[in-house]
Amino acid sequence: MATSDKPELEIIGAPWGNFVRTVCMAAREKGVPYTQTVVRPTDPEVAAIHPFSLVPCARHGDLVLFESRAICTYIDDAFDGPPLVPRDARGAAITEQWIALVLTTIDPVLARQYISAYLAAPDGKPDSATIEALLPKMHKCFAVLDERLAVSRYLSGDEFNLSDMMLFPLMWFMRLKPESAAMLEEAPHILDWYARVAERQSARETEPPVVTGPAVACGAFG
Ligand SMILES: N[C@@H](CCC(=O)N[C@@H](CS)C(=O)NCC(=O)O)C(=O)O
């Protein structure tokens, strides 16, 4: 490893955070050892790094980073190991296209709005009008992904890459709530892709522990 003389990478955030898991998968796929500091986004340590107090954050030597895409770029470029994104212009652009779509359009609907509605509900039962209002946007996300994965083995083409790592932890959450689980059941190509990715060592080794009740809310987002 080119940076073996450097300190170990530290990833900050709990295993339930979907983008925390993305970064952990990226490190494992790259073959980069890391330690994970399990703290909530509300922890002062996170607030001191991320201007909006979000995880993941990371440290490597004197480098301190926030934002999952930036951390993955660093993991990919600073260490030896298999590339996480294609090195050719065409493959890289297609990969960035899907990463951007997950980060800017799919995650905001499925995680920040839908899953957060469940986590914010004191009894775990969100207001039905809130969920109803989200359903069309959620259907659109599932339709776009299922259509893509019908013609492409992985999100960006024939090979597994960082775009799949961006999406996979989010889809793990989709299995846990009723409306999203029902949409997944009607998305056979997403399901096939999910099964393929779930078999990877990086996915198996980052599977969040199963917990119930408020701990889920604490671990996942708050
Ligand atoms: N754009 C950020 C998003 C990070 C993000 O949304 N993190 C969630 C957990 S996966 C979080 O910290 N949520 C806490 C909150 O919203 O208060 C990234 O890609 O790193």
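The values are calculated or read from the model by the stated rules, or taken from the named source; none is laboratory data. As the structure is a prediction and not an experimental result, all values here were calculated from the model. Heads up, the Cβs are rebuilt from the backbone with ideal geometry, glycines too, and the neighbour counts pull from every protein chain shown. Surface areas here come from the heavy atoms of the whole protein model, side chains and all, with no ligands, DNA or RNA. Shrake-Rupley method; radii C 1.70, N 1.55, O 1.52, S 1.80 Å.
A compact table of results
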quantity: About the Cα centre, charge dipole magnitude for the chain (Lys/Arg +1, Asp/Glu -1 at Cβ), debye; calculated: 200
quantity: The stretch 1-108 - charge dipole about Cα centre, Lys and Arg +1 at Cβ, Asp and Glu -1, debye rounded to 20; calculated: 240
quantity: Per-residue SASA entry for Ile94, accessible area with 1.4 Å probe, Å² rounded to 10; calculated: 50
quantity: Over 17 Å [Cα-Cα, the stretch 9-78], rounded percent; calculated: 29
quantity: Whole-percent pair-distance distribution, where bins are 10 Å wide, for the alpha carbons of the chain; calculated: 8, 34, 37, 18, 3, 0
quantity: Solvent-accessible ranking of Trp16, Trp193, largest area first, probe 1.4 Å; calculated: Trp16, Trp193
quantity: For the chain, calculated [θ]222 nm from helices alone, where every DSSP H run of n ≥ 4 adds -39500 (n - 2.57); calculated: -15000 deg cm²/dmol
quantity: Top positive-direction residue, dipole computed over the chain with Cβ charges, set Gly124, Leu103, Gly91; calculated: Gly124
quantity: J(HN,Hα) series, the stretch 179-190, from Karplus relation 6.51 cos²θ - 1.76 cosθ + 1.60, nearest Hz, glycine and proline x; calculated: 5, 6, 4, 5, 5, 4, 4, 9, 10, x, 6, 5
quantity: Where the stretch 107-166 is the region considered: accessible area per residue in Å², 1.4 Å probe; calculated: 48
quantity: Cα-centre dipole for the stretch 118-169 with unit charges at Cβ (Lys and Arg positive, Asp and Glu negative), debye to 20; calculated: 80
quantity: Sequence of Lys137, Lys125 when ordered by accessible area, the most exposed leading, probe 1.4 angstrom; calculated: Lys125, Lys137
